[in-house]
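Below is one structure, written out as C-alpha cells; comments come after it.
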Amino acid sequence: MALLDYFLQKKEKQVTTASKAKERLQIIVAHERNSRNKQPDYLPQLTEDILNVLRKYIKVSDESFSISLDKKDGDLNVLELNIELHDEQNTD
Amino acid sequence: MARIIVVTSGKGGVGKTTSSAAIGIGLALKGHKVVLIDFDIGLRNLDLIMGCERRVVYDFVNVINGEATLNQALIKDKRVSSLSILPASQTRDKDALNKENVGKVLEELGKTFDYIICDSPAGIEAGAMMALYFADEAIVTTNPEVSSVRDSDRILGMLASRSRRAELGLEPIKEHLLLTRYSPKRVEEGEMLSVEDVVDILSIPLLGVIPESQSVLKASNAGEPVILDVESDAGKAYQDVIDRLLGETVEFRFLVAEKKGIFSRMFGG
C-alpha cells in the first residue's frame, strides 16, 4: 500500500500550489488591468443619472447610448457622450 | 543617444539593486560607458552592493541642489574604469527630486555615457515614479511568487501611463522581464511558478532568469557584484542578460534542476 500511496501522492502534486498561484494571479491581474484601463468609480452612477435626465424628454435605449472618459495628452480629460436619436422619437 | 534603463519591480527585496549592479558592471566590461544611479533617496544601498560606500562624498541630491558638480559626485568604479556610480542621498527627503531637475541631470549624463541605469526604489511613490519617468527601457525584476508578480503587473501599468514616453505619446518603454531567485527544483515539485507561468501572466519578453544562488549573498557581503563571480550560476545568468541586452540571442540556462547522481541520492547530498 505504501508503494501505491507514493505514486498517488506524486500524481496529486501536479495540481498543487504553483498552479493554484497561477490561477489566482491570472484572475486578479486580469481584473486589475481592466480597472486600470477603465474609468473612475463615479462613471456608472453618472451614466445612470444622465440617462434618467434624458429619458424625461426622449426615448433612449441602452444600446443607443454610450459614454466614455478619455485621457488626452497632458491633463486634458474628455467626457464623451454618444446618443443616437431615432426619427420616431419626436419630442412634441 | 544614451539608453536610459530603469530597473524596477514594485515589490521590495526582489533583487533590483543586485541586478542593477550586475548589469552596470556587465555592460561596462563590454566596453560601454555606464552610469548607475541610485534613486532610492533616504535608503541608499547601491553603493554598498558596489563596494564603494566609503568613497561617497557628494550625492544625487547635492548635484540637483547645485552643491556639487556631477563630476564631483560621480564615483568611478575601481574595477571597471568605464563605470561610474551616482549615489542616492541618505538624509534628504525624496521630494528633492522633480522632473525638471532630474531631467537636466540625465541630459548631462547622456552626453558622456552610453547607458544610464536607474536603480528604482520599491513601491509606487514619487521616487519610483521618478526613476521610471525618463526611461527608454525597463527591466522588471520579478520573483516567481504571487505578490511580486502582481506588483510587477502594477508597475507595467505605470510604465505605460506615467512615463515621459507615455505622456508625450512616443514609442512606449521597451519592457523586459528579469526573473530572479528562480529555483528549478521547486518548480519541478510544483511549489513555484515556472518561467512559462510568469511570462504567461505578465506577457512581456523574457530578458533573463537568475537562479536562486548562494553566491548572491556572498557577493553583496563582499561588495563585489555577482556577475564578477564568473563561476557561479547567478553570475553566468547575468552574463547572458548582458548579451541579450546587447542584441544577441542566447539560450536560457539553469531552467532545469540538476539531476542528482545515484550516490548523492543514496547517501543524501
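The values are calculated or read from the model by the stated rules, or taken from the named source; none is laboratory data. Just so it is clear, the model here is predicted, and its values are computed rather than measured. All Cβ positions, glycine included, derive from the backbone under ideal geometry; neighbour counts span all protein chains shown. Note: accessible area is taken over every heavy atom of the protein model, side chains too, but ligands, DNA and RNA are not part of it. Shrake-Rupley method; radii C 1.70, N 1.55, O 1.52, S 1.80 Å.
The residues neighbouring residue B:235, those whose beta-carbon lies less than 11 Å from its own, together hold a net charge of -3 under the Lys/Arg +1, Asp/Glu -1 convention. Normalised Debye scattering of segment B:62-158 at q = 0.10, 0.12, 0.18 Å⁻¹ gives log10 I(q)/I(0) of -0.32, -0.46, -0.97, counting only Cα atoms as equal scatterers and leaving out solvent.
When each of the peptides B:9-17, B:184-192 is scored by the mean number of other C-beta atoms lying within 10 Å of its residues, the order from highest to lowest reads B:9-17, B:184-192.
Computed from Cα positions, the angle between helix B:233-245 and the longest principal axis of chain B comes to roughly 50 degrees.
Over all distinct Cα pairs, what is the inverse of the mean 1/r for segment B:87-221, reported as the Kirkwood hydrodynamic radius in Å?
Details: mean 1/r = 0.0603 Å⁻¹.
One over the average 1/r among Cα pairs gives 16.6 Å for segment B:87-221.
Peptide B:144-153 shows a mean partner chain C-beta count of 3 within 10 Å per residue C-beta. Once the C-beta distance of residue A:54 and residue A:15 is scaled by a Förster radius of 30 Å, the resulting FRET efficiency is 0.05 to the nearest 0.05.
By the helix-only formula, in which each DSSP H run with n ≥ 4 contributes -39500 (n - 2.57) and the sum is divided by residues, chain B has a 222 nm mean residue ellipticity of -11500 deg cm²/dmol. Calculated on the alpha-carbon coordinates, the convex hull of chain B measures out at 129 cubic angstrom per residue. Leaving out ligands, DNA and RNA, calculate the buried accessible area for the pair A and B with a 1.4 Å probe, summed over both sides, in Å² to the nearest 100. Protein heavy atoms only, the A-B interface buries about 1300 Å².
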